[in-house]
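A.B. asks: This structure is in structure tokens; I'll ask about it shortly.
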Amino acid sequence: MGAVAVARADARKIAGRIGVLFDMIAPHYALRPDFPSSRGARLARFVVDHAGIVLALWLVASLGAVHFALSVQSDNSPDRLIVEGDEDYKQTRAFQKIFPEGQYVVLLAEADDPFAPAVLTRVMALESALAAVPKVKPLSALTIYRQTHPAFAATEGDAAAFKAFATGTALFRKQGLIGDGVLGIPMELQVEGREQLQPTLRAVDAAVAPFAAAPAPLSAVGKIGGPYVDRYLSEETHRSTLLYMPLFGLFIVVLNLFLYRSFRTLFAFLITIGITVLFTQAFAGCMGFVATIVSSLVPLTVLITCTSTLVYLHSLYVACPAGADLREHQVFTLCNKFLPCTASIFAAAVGFAALAVSGIRPIREMGYWVAAGMIVTWFSSFTLFPALQRLFRAPTSSERRTAGHWWPKIVDRLPRFSYRWRFVLVPGSIALMLVGLVALLGVPGLLTPLRLETDSLDYIDHDLPLYKDTRRFEATMSGLTVTEAWIRVPNGRALDAGVLRGLHRFGAKLEADRRVGSVLGPTTLLQWIRYVQGQGDVLPDDPAAWDKMAGDFEQLVLTRPELRGSVDVATLSNARVRVITRGGFDGYAGLKGFLADTWAEAQRHDPALAPCTMTVVGEGVLQAKIAHYLVPTLTESFAITAAVIFLAFLVVFRSPAARLMAMIPSVFAILVMFLVMRLTGISLNVATILIASTVLGASENDQIHFFYHFQEGRRSGGTDPALRHALLVSGRAIVFATLINAGGFLALALSPLPPMRQFGVVSACAFLLSMIADFTALPASLWLISGEAPDGTKATK
């Protein structure tokens, strides 16, 4: 009975504090009959008194929202990564109109001896099965050999002759057609758009399945290529969403029942959250957005923010003083929480919208998407949720005991604890923030900045065969990152001998760099022809010989359409040189600079190239540009988010010091998490780059509510009673909201995608760190600024 009595006393203590707050603010919001009604109070009363109408309006609108929400498709292809207004993106699309092409994948036929007769027989059967798939064109070293040796039958003699042919030149290895213990089978998928790509990939999978299941005499059959990586990312993103959404739903159910012990309250939460997410998805469908590995975070972010806002509203609602009119208390709750909730949601919305500065398209779209979700959250929190509270008759703490009866005991200790250790907590927090900043930016000459990760292959599980086969292919055979050098030739002279000779030398200079796996240009075809004819793969340097080769090449490309991939025969004013790289370039600028310098050198040595221009385009340069945009995305969006939140604090608070101190917990959590990322080897990628904006945009909600009620307490006392008032009224809600934030994002730890796992774990830790700072560093800072002691006297040093 003693414990029950203590719990009841604690509950009365909290309810008494809420009653004081009610008495203090009620006149301002005209919640008493002897005061004129304010507009906010009238609107709140309308929602409470017409709850059925409000619910009906939301349900009717939801019927139309379902259609748009279901129209959102998933797409992780490279052309979704860069915004359409980017100059490199526009140049790449202009290039692709002249040189249209399909998608490329590579099958790897692995064997101890890939030139054994039985192995070659099996490879021929595999190629025949692939050739039967519509829109698929396989081309291997064996295919090329069989075109010139139609009687090939994979006998011992034929196998030996093919081995001599395939290993007699470096061309096959450079093009990824042969390697140590493997024969590569590149395939062009002649498809247009994702709608054709996915069925074609499934058809290829079906053709390969019997060979993968029973590969002998092959040891294995692997599949690599961008389309497979993109498909894996899309499928796992969708699967992860289907996993963490129910998990978070279960989390809400358990937490809600733990906090409020009411199924009626639970239903009000679930309906409000579900409709909010529905309308957020519907906005994406209206705007034509697609789901990517980044935007898959949108529903979870909106879920968490909406749930946290509802917790703040309901935590004040359930603390209805004994004997108070529940209707008036609900109106009071809406009015009292209107300013802090509106300020925090507005700051979060504009903060996420700040991601629009990013040149990475999924991040930009995510910014708009989450911002729209914040707006929907605001509307649903102040209309739909109170209507459901009213209709379901959600119980208050006087009717049913809620969680957190232990909180007053903590409140009794926190102010004195933070005062006693203020000279440790504040300098210690600042020191940790500085160390985190160094971990992010590095120290010139001593520590490199936090590593950037832009290769989409790093976004998949490193234990998957797709990852291992691709990395081995890049290391031993050829790269997979394709960058195009778009050569514009004036006066339609692309087939002139001097131009072809210059392009050949340009390609040779590129291939001399170890970072380049291979180069395919107009003259690569001439090398193949000479080699097949038994003349070797080295083209002569004699100008007279080039005149003849240019004439032969012109006849070939004009009469055989399949050989026109490197020259625009319609105008003869465009040529392409495809550069396949292995990596190692210093980002976007390094890649473009390398190609530009090599081109300038080629122009100096070959006068025929002087009037020509070269533009770097292709998926390779777009992928490199992601890294180019990552750091600006982090710094610019964070700066804008911080500025917007500061302005929100300016509206809520009047003290300049309070505005800055209110941001201490969030900034502390973010910078310390960069230190954690450095220590654990986590890189900046398209997911983790969002941690700063996400944590700042979500956790500032706590600081706004804390300071809002701190200011209420300051009206009737000093720092000590103000801290106790803020901690009693908003402290429990901050703890519960943090659990929601951390628990929600921690669900991403179950994702098979490394960036999602990292984002989930790091974000959850950041929210917990922010909460710790809310109750330690922030009160300690307030003590230092006020110069007061807990007893109201002047503080001593």
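The values are calculated or read from the model by the stated rules, or taken from the named source; none is laboratory data. Bear in mind that the values here come from a model prediction, so they are computed numbers and not experimental data. Cβ sites come from the backbone with ideal geometry, for glycine too, and all protein chains shown count toward neighbours. Quick note on the areas: whole protein, heavy atoms, side chains included, nothing else; ligands and nucleic acids left out. Shrake-Rupley method; radii C 1.70, N 1.55, O 1.52, S 1.80 Å.
A.B. asks: Filter the range 692-734 down to the residues that are in contact with a Pro (Cβ under 7 Å, 6 or more places away or on another chain), open to solvent by 10 Å² or more (accessible area, probe 1.4 Å) and of a type in the set (S, T, N, Q) and list them by number.
C.D. replies: none
A.B. asks: Suppose we keep only residues that are β-branched (Val, Ile, Thr) and open to solvent by 10 Å² or more (accessible area, probe 1.4 Å) within the range 275-292. Which one would you say is modelled with the lowest pLDDT? Give the derivation first.
C.D. replies: Let us first name the residues in the range 275-292 that are β-branched (Val, Ile, Thr), namely 275-277, 280, 290, 292.
Cutting the leftovers down to open to solvent by 10 Å² or more (accessible area, probe 1.4 Å) gives us 275, 277, 290.
Working: ILE275: 95, VAL277: 92, VAL290: 82.
Only one residue tops the list, namely VAL290.
A.B. asks: Does at least one position in the range 376-387 carry a residue that is open to solvent by 20 Å² or more (accessible area, probe 1.4 Å), modelled with pLDDT of 95 or more and either of a type in the set (A, V, I, L, M) or outside any helix (DSSP H, G or I) (or both)?
C.D. replies: Taking every residue of the range 376-387 in turn, at least one turns out to be open to solvent by 20 Å² or more (accessible area, probe 1.4 Å), modelled with pLDDT of 95 or more and either of a type in the set (A, V, I, L, M) or outside any helix (DSSP H, G or I) (or both).
A.B. asks: While we're looking at this one, here's another question. Among the listed residues SER730, SER716, identify the single one that is more than 26 Å from SER296 (Cα to Cα), touching a Ser or Thr at 6+ places or on another chain (Cβ under 9 Å) and hydroxyl-bearing (Ser, Thr, Tyr).
C.D. replies: Values: SER716 fails: touching a Ser or Thr at 6+ places or on another chain (Cβ under 9 Å).
Among SER730, SER716, only SER730 is more than 26 Å from SER296 (Cα to Cα), touching a Ser or Thr at 6+ places or on another chain (Cβ under 9 Å) and hydroxyl-bearing (Ser, Thr, Tyr).
A.B. asks: Listed residues ALA780, ALA737, ALA747, ALA764; which is open to solvent by 10 Å² or more (accessible area, probe 1.4 Å) and not β-branched (Val, Ile, Thr)? Spell out the reasoning first.
C.D. replies: Details: ALA780 fails: open to solvent by 10 Å² or more (accessible area, probe 1.4 Å); ALA737 fails: open to solvent by 10 Å² or more (accessible area, probe 1.4 Å); ALA764 fails: open to solvent by 10 Å² or more (accessible area, probe 1.4 Å).
Just one listed residue meets the conditions, ALA747.
A.B. asks: Being buried (at least 17 other Cβ atoms within 10 Å of the Cβ) and assigned to a helix (DSSP H, G or I) is the filter here; which residues of the range 510-527 pass it?
C.D. replies: LEU510, THR524, LEU525, LEU526, GLN527
A.B. asks: Another question, if that's okay. Out of the range 208-246, which residues are surrounded by 18 or more Cβ atoms within 10 Å (Cβ to Cβ), of a type in the set (Lys, Arg) and at pLDDT below 85?
C.D. replies: Selection gives ARG231 alone.
A.B. asks: A follow-up question, please. From the list THR121, THR143, THR92, which one is more than 16 Å from ALA207 (Cβ to Cβ), more than 38 Å from the chain's Cα centre (by Cα) and in a helix (DSSP H, G or I)?
C.D. replies: THR121
A.B. asks: Just to verify a result, which residue in the range 166-198, among those that are more than 22 Å from ALA131 (Cβ to Cβ) and among the β-branched types (Val, Ile, Thr), is most open to solvent (accessible area, probe 1.4 Å)?
C.D. replies: THR167
A.B. asks: In addition: Filter the range 84-124 down to residues that are surrounded by fewer than 18 Cβ atoms within 10 Å (Cβ to Cβ), closer than 22 Å to VAL229 by Cα and modelled with pLDDT of 85 or more, then give me how many there are.
C.D. replies: The qualifying residues number 2.
A.B. asks: While we're looking at this one, here's another question. Collect the residues in the range 388-401 that are assigned to a helix (DSSP H, G or I) and buried (at least 22 other Cβ atoms within 10 Å of the Cβ), keeping them in residue-number order.
C.D. replies: Selection gives LEU388, GLN389.
A.B. asks: Still on this structure, please answer the following. Starting from residues that are open to solvent by 20 Å² or more (accessible area, probe 1.4 Å) and not small (Gly, Ala, Ser), keep the ones in the range 783-797 and report whichever is modelled with the lowest pLDDT. It would help to see each step written out before you state the result.
C.D. replies: Step one: of the range 783-797, the residues open to solvent by 20 Å² or more (accessible area, probe 1.4 Å) are 784-788, 791-797.
Filter once more, keeping what is not small (Gly, Ala, Ser): 784-785, 788, 791, 793-794, 796-797.
Values: LEU784: 87, ILE785: 83, GLU788: 86, ASP791: 70, THR793: 56, LYS794: 61, THR796: 57, LYS797: 53.
Here the answer is LYS797.
Here is a yes/no grid of residues against (1) touching a Ser or Thr at 6+ places or on another chain (Cβ under 9 Å); (2) outside any loop (DSSP other than H, G, I, E, B); (3) farther than 15 Å from PHE352 by Cα:
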residue	(1), (2), (3)
PRO665	yes, yes, yes
PHE668	yes, yes, yes
MET673	yes, yes, yes
ARG678	no, yes, yes
ILE689	yes, yes, no
SER693	yes, yes, no
ALA698	yes, yes, no
ASN701	yes, yes, no
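A.B. asks: I'd like to verify a number: residues in the range 529-550 that are in contact with a Leu (Cβ under 9 Å, 6 or more places away or on another chain) and either at pLDDT below 80 or open to solvent by less than 40 Å² (accessible area, probe 1.4 Å) (or both), how many? Quick ask: steps written out before the conclusion?
C.D. replies: First, the residues of the range 529-550 that are in contact with a Leu (Cβ under 9 Å, 6 or more places away or on another chain): 529-531, 537, 539, 545-546, 549-550.
Filter once more, so that each one left must be either at pLDDT below 80 or open to solvent by less than 40 Å² (accessible area, probe 1.4 Å) (or both): 531, 537, 539, 545-546, 549-550.
Of the residues in the range 529-550, 7 are in contact with a Leu (Cβ under 9 Å, 6 or more places away or on another chain) and either at pLDDT below 80 or open to solvent by less than 40 Å² (accessible area, probe 1.4 Å) (or both).
A.B. asks: In the range 550-569, what count of residues is obtained for those that are out of contact with any Ser or Thr (no Cβ under 9 Å at 6 or more places or on another chain), of a type in the set (Gly, Ala, Ser) and closer than 28 Å to THR481 by Cα?
C.D. replies: Pass one, the range 550-569, residues out of contact with any Ser or Thr (no Cβ under 9 Å at 6 or more places or on another chain): 550-552, 554-556, 558-565, 567-569.
Narrowing the set further to residues that are of a type in the set (Gly, Ala, Ser) leaves 550-551, 565.
Still in the running and closer than 28 Å to THR481 by Cα: 565.
Residues flagged as out of contact with any Ser or Thr (no Cβ under 9 Å at 6 or more places or on another chain), of a type in the set (Gly, Ala, Ser) and closer than 28 Å to THR481 by Cα within the range 550-569 amount to 1.
A.B. asks: Among the candidates VAL208, VAL191, VAL229, single out the residue that is among the β-branched types (Val, Ile, Thr), assigned to a loop (DSSP other than H, G, I, E, B) and in contact with a helix residue (DSSP H, G or I) (Cβ under 9 Å, 6 or more places away or on another chain). So that I can check it myself, show each step before the final result.
C.D. replies: Details: VAL208 fails: assigned to a loop (DSSP other than H, G, I, E, B); VAL229 fails: assigned to a loop (DSSP other than H, G, I, E, B).
None of the other options fit; the residue is VAL191.
A.B. asks: Cβ contacts < 7 Å: first residue within 22 Å of THR342 (Cα to Cα), restricted to the range 355-373; second residue open to solvent by less than 10 Å² (accessible area, probe 1.4 Å) and not in a helix (DSSP H, G or I), any location; separation 6+ or different chain. Result?
C.D. replies: MET366/VAL294; MET366/SER295; TRP369/SER295
A.B. asks: Follow-up. Suppose we keep only residues that are touching a residue at least 60 places away in the same chain (Cβ under 8 Å) and either closer than 26 Å to ASP86 by Cα or open to solvent by less than 40 Å² (accessible area, probe 1.4 Å) (or both) within the range 588-607. Which one would you say is nearest to the chain's Cα centre (by Cα)?
C.D. replies: Per the criteria, the residue is LEU591.
A.B. asks: Based on this model, can you work out whether GLY359 counts as touching a Phe, Trp or Tyr at 6+ places or on another chain (Cβ under 8 Å), under 30 Å from GLN73 (Cα atoms) and surrounded by fewer than 23 Cβ atoms within 10 Å (Cβ to Cβ)?
C.D. replies: Details: touching a Phe, Trp or Tyr at 6+ places or on another chain (Cβ under 8 Å): yes; under 30 Å from GLN73 (Cα atoms): yes; surrounded by fewer than 23 Cβ atoms within 10 Å (Cβ to Cβ): yes.
Yes, satisfied.
A.B. asks: Right, something else. I'm checking my understanding of the structure. Among residues of the range 419-475 that are among the aromatic types (Phe, Trp, Tyr) and open to solvent by less than 60 Å² (accessible area, probe 1.4 Å), which one is farthest from LEU622 (Cα to Cα)?
C.D. replies: Going through the range 419-475, the residues among the aromatic types (Phe, Trp, Tyr) turn out to be 419, 421, 423, 459, 467, 473.
Going one step further and asking which of them are open to solvent by less than 60 Å² (accessible area, probe 1.4 Å), we end up with 419, 459, 467, 473.
On the way: TYR419: 53, TYR459: 17, TYR467: 21, PHE473: 22 Å.
In this case the residue turns out to be TYR419.
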